[in-house]
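Colleague: My structure is below; once you've seen it, I'll send some questions.
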Amino acid sequence: MAGQGTSSSSSSTGYDLVVVANRLPVDFAVDDDGNVDWKRSPGGLVTALEPVMREADGAWVGWSGAPDLAHEPFEADGMLLVPVTLSADEIERYYEGFSNDTLWPLYHDVIAPPTYHRQWWDAYRRVNQRFAEAAAAQAARGAVVWVHDYQLQLVPRMLRELRPDLRIGFFDHIPFPPVELFQQLPWRKNIVEGLLGADLIGFQRGGDASNFVRAVRRLTDHPTRGSVVSMGSDDPNPGRRVRAAAFPISIDTQHFDELARKPEIQARAKEIRADLGDPEVVMLGVDRLDYTKGIRHRIKAYGELLQDGRIEAASTTLIQVASPSRENVGAYQELREHVEVLVGRVNGEYGELGHSAIHYLHHSYPPDEMAALYLAADVMLVTSLRDGMNLVAKEYIAARSDLGGVLVLSEFTGAADQLAPGPILVNPHDIDGMKNKIVEAAQMGAKEKRRRMRNLRRKVMGDDVAKWSESFLGVLKAVPARDSYV
Ligand code: G6P
């Protein structure tokens, strides 16, 4: 996709559907002459929203991922992409700071201690205002605007102030914490009021939606009835009602299913196993290198199983893909050190020439290679300490039309709420318990594997990400259009 885009004819009247997310669904590169070139990045969200965006005349507002990059809105793949510029200082305070060193750990059960900095909060507010203004500038009268994730929780309210004619939805991709933790946040009320600017607030699990409603009750005076909050007379749409509900996200299931059925991908899966020395059991972990994912707990359990002699490095291999993430944030740097020391120790102790106990890969891979890895893995280990949903678990299931493979899944994922009883559920804090479950998975007979996988596929295959977006947008579009317009 070339960088020299133009705005479409819709720009005079605006767009009927505007998506607002921290990141644009593109990767960009600057060539030697300073020209910007954009390439589509194949994220789950863009796959889900692309067909709806095309049909609805859609615009996507987001950050390019680079500092100080200013670029005019441009057409790509049937939608308008609207870059929001962030300075290096804003990346540090809004993105690395408030989003990923305050909100992220707070919303994930304070697994790492959240940092509260007033300057980070100021930057968060300022950047949210910029996103709200960019969205307001693109939306047609009465348009639907769908705001995504914890980086942009103030946008719904800011946008409603600017454009009370809009129907505004918000989806929280990560957990919403219990109010007992959420109330640590010095700006807790601002965040709740920010979200209440939306007409519909979607969460991954019913538990997240009820945590939010409890926070509304505890921190504001807005009356609530079940999961519906009534706004007062000072709202830009006085008496407006806000609904909070669960809309568990999924993946493009058909795409993964089709990928994994391709002969070349199946051949690649065999090649991966052969490269590993054709072990009896291949286990796999695939995560962003994030402390919420329980990677250390998993490797600790694995190392102890080797030590106890319950598994043998000669016949069992663990592949751990850990894709680089948020590398300027201290907690992520520490995690990388810990994980790499741990992997080194296990490999030093139990590896042999030509035989690593753990194959640790600090890279990210395209979907083709991921599908081959899923096919190559007898046991998939998802051991998050807290996870909004966990899409890797769903990708693994979608790739296994051969009904092989066992999913070991943490109880602390949104996926566990949806998929139980098919996976082997684990509590990653209980290392002994997890060790037993890993051995159970490794030794499971083919018949039981098939039974479980068939069950899991029944749940996952009919429930893809297109359905997710349709159901959210269906509810949002049912909000009556408003006459007021500023
Ligand atoms: C999680 C968040 C997303 C985020 C992604 C990658 O899935 O819910 O909003 O985009 O992690 O993190 P990054 O900080 O690289 O955008």
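The values are calculated or read from the model by the stated rules, or taken from the named source; none is laboratory data. If you're wondering where the values come from, they're calculated on a predicted model, not measured in any experiment. Every residue, glycine as well, gets a Cβ built from its backbone with ideal geometry; the counts of neighbours run over all protein chains shown. What goes into the accessible areas is simple: the full protein's heavy atoms, side chains included, and nothing from ligands, DNA or RNA. Shrake-Rupley method; radii C 1.70, N 1.55, O 1.52, S 1.80 Å.
Colleague: For the stretch 86-224, what class follows from the C-alpha gyration tensor (a ≥ b ≥ c being the square roots of its eigenvalues): rounded when a/c is under 1.5, otherwise prolate if a/b is larger than b/c, else oblate? Don't skip to the answer; put the middle values down first.
Modeller: On the way: a/c = 1.86, a/b = 1.15, b/c = 1.62.
Oblate, because a/c is 1.5 or more while a/b does not exceed b/c.
Colleague: Using the Kirkwood radius built from alpha carbon pairs, what does the Stokes-Einstein equation give as D for the stretch 150-226 at 37 °C and 0.692 mPa s, in µm² per second?
Modeller: Numbers: Rh = 12.7 Å.
Once the numbers are plugged in, D ends up at 259 µm²/s.
Colleague: From the alpha carbon gyration tensor of the stretch 313-417, can you work out the equivalent ellipsoid semi-axes (sqrt of 5 times each eigenvalue) and give them in Å, largest to smallest? Could the numbers behind the result be given before it?
Modeller: Working: eigenvalues 105, 83, 35 Å².
Ellipsoid half-lengths, sorted descending, are 23, 20, 13 Å.
Colleague: Say the cut-off is 32 Å between C-alpha atoms; which of 39/262; 437/459; 189/437; 270/435; 39/394; 435/467 go over it?
Modeller: Details: 39/262 25 Å; 437/459 22 Å; 189/437 42 Å; 270/435 27 Å; 39/394 26 Å; 435/467 36 Å.
Violating the 32 Å Cα-Cα cut-off are 189/437; 435/467.
Colleague: State the antiparallel share, in %, of DSSP beta bridges confined to the chain, rounding to the nearest 5.
Modeller: Working: 14 of 64 bridges.
Within the chain, antiparallel bridges account for around 20 percent of the total.
Colleague: How high is the relative contact order of the stretch 253-462, in percent, counting Cα pairs under 8 Å that sit 6 or more residues apart? Let's see the in-between values first.
Modeller: Values: 369 pairs, mean separation 54.7, N = 210.
Contact order relative to length: 26 percent.
Colleague: Okay, moving on. Helix 446-461 sits at what angle to the longest principal axis of the chain, using alpha carbons and giving 0 to 90 degrees rounded to 10?
Modeller: 10
Colleague: If the chain between residue 262 and residue 325 were fully stretched, how many nm would it gain, using 0.36 nm times the residue separation less the Cα-Cα distance?
Modeller: Working: separation 63, 0.36 × 63 = 22.68 nm, distance 3.00 nm.
Net length gain for the segment: 19.7 nm.
Colleague: Calculate the all-directions average of the projected area of the chain's alpha-carbon convex hull, and give it in nm².
Modeller: Averaged projected area of the chain's Cα convex hull equals 23.1 nm².
Colleague: So what's the gap between the Cα centers of the stretch 397-468 and the stretch 272-304, to the nearest angstrom?
Modeller: 16
Colleague: Between 0 and 90 degrees, rounded to the nearest ten: what's the tilt of helix 431-443 against the longest Cα principal axis of the chain?
Modeller: 70
Colleague: Using a 1.4 angstrom probe on heavy atoms only, work out the carbon and sulfur share of the accessible area of the stretch 210-368 in %. Before the final figure, lay out each step's value.
Modeller: Details: 3560 of 7790 Å².
The nonpolar share, carbon plus sulfur, comes to 46 percent.
Colleague: May I pose another question? Quote to one decimal, in nm, the extra length available between residue 30 and residue 314 on full extension: 0.36 nm per residue of separation minus the C-alpha distance between them. Walk me through the numbers on the way to the answer.
Modeller: Details: separation 284, 0.36 × 284 = 102.24 nm, distance 4.63 nm.
Full-extension gain reported as 97.6 nm.
Colleague: Give the long-range amide H neighbours of residue 289: residues separated by 5 or more places, or on another chain, with amide H under 5 Å away, using H modelled in the peptide plane at 1.01 Å from N.
Modeller: 323, 325
Colleague: Now, a different point. Contact order normalised by length for the chain, with contacts defined as Cα pairs under 8 Å and 6 or more residues apart; what percent is it?
Modeller: On the way: 981 pairs, mean separation 67.2, N = 486.
After rounding, I find 14 percent.
Colleague: Which whole-Hz couplings ³J(HN,Hα) result when phi for each residue of the stretch 463-471 is put into the Karplus expression 6.51 cos²θ - 1.76 cosθ + 1.60, θ = phi - 60°, listed in order with x for Gly and Pro?
Modeller: Couplings: 10, 8, 5, 5, 4, 4, 5, 4, 5 Hz.
Colleague: Quick one: check the C-alpha center-to-center distance for the stretch 146-184 versus the stretch 365-392, whole angstrom.
Modeller: Each part reduced to its Cα centre gives a spacing of 29 Å.
Colleague: For the stretch 415-486, what class follows from the C-alpha gyration tensor (a ≥ b ≥ c being the square roots of its eigenvalues): rounded when a/c is under 1.5, otherwise prolate if a/b is larger than b/c, else oblate? Kindly include the intermediate steps, with their values, before the conclusion.
Modeller: Values: a/c = 6.46, a/b = 2.44, b/c = 2.64.
Oblate, since a/c reaches 1.5 and b/c is not below a/b.
Colleague: When DSSP assigns beta bridges and you keep just the ones with both residues in the stretch 15-73, what percent turn out antiparallel, to the nearest 5? Can you show the working numbers first?
Modeller: On the way: 5 of 10 bridges.
Looking only at bridges with both residues in the stretch 15-73, the antiparallel portion is about 50 percent.
Colleague: Calculate the dipole size of the chain relative to its Cα centre from +1 charges on Lys and Arg beta carbons and -1 charges on Asp and Glu beta carbons; express the result in debye to the nearest 20. Don't jump to the answer; show the numbers that get you there.
Modeller: Numbers: 55 positive and 67 negative charges, 406 e Å.
It comes to approximately 1960 debye.
Colleague: Calculate the FRET efficiency for residue 471 and residue 66 from the Cβ-Cβ distance with a Förster distance of 45 Å, rounded to the nearest 0.05.
Modeller: Values: r = 34 Å, r/R0 = 0.76.
Using R0 = 45 Å, I get an efficiency of 0.85.
Colleague: Give me the three principal axis extents of the stretch 340-387 from the C-alpha atoms, as integers in angstrom, largest value leading.
Modeller: In descending order, the Cα extents are 32, 29, 21 Å.
Colleague: Sticking with this one: Calculate, for residue 275 and residue 430, the FRET efficiency according to 1/(1 + (r/R0)^6) with r their C-beta to C-beta distance and R0 41 Å; round to the nearest 0.05.
Modeller: Details: r = 33 Å, r/R0 = 0.82.
The formula returns an efficiency of 0.75 here.
Colleague: Please label the shape of the stretch 253-462 as rounded, prolate or oblate, based on the square roots a ≥ b ≥ c of the eigenvalues of the alpha-carbon gyration tensor (a/c under 1.5 means rounded; beyond that, a/b larger than b/c means prolate, else oblate).
Modeller: The shape class here is rounded.
Colleague: Here's a follow-up. Would you mind getting me the FRET efficiency between residue 188 and residue 450? Use the beta-carbon distance for r and R0 = 56 Å, nearest 0.05.
Modeller: Details: r = 48 Å, r/R0 = 0.86.
Computed FRET efficiency for residue 188 and residue 450 comes out at 0.70.
Colleague: Roll a 1.4 Å probe over the protein chains and send me the accessible area per residue for the chain in Å².
Modeller: Working: 19660 Å² over 486 residues.
Accessible surface, normalised per residue, equals 40 Å².
Colleague: Once every DSSP H run of n ≥ 4 in the chain is given -39500 (n - 2.57) and the sum is divided by its residues, what mean residue ellipticity at 222 nm do you get, rounded to the nearest 500 deg cm²/dmol?
Modeller: Numbers: 17 runs with 196 residues, N = 486.
Counting only the DSSP helices, I get -12500 deg cm²/dmol.
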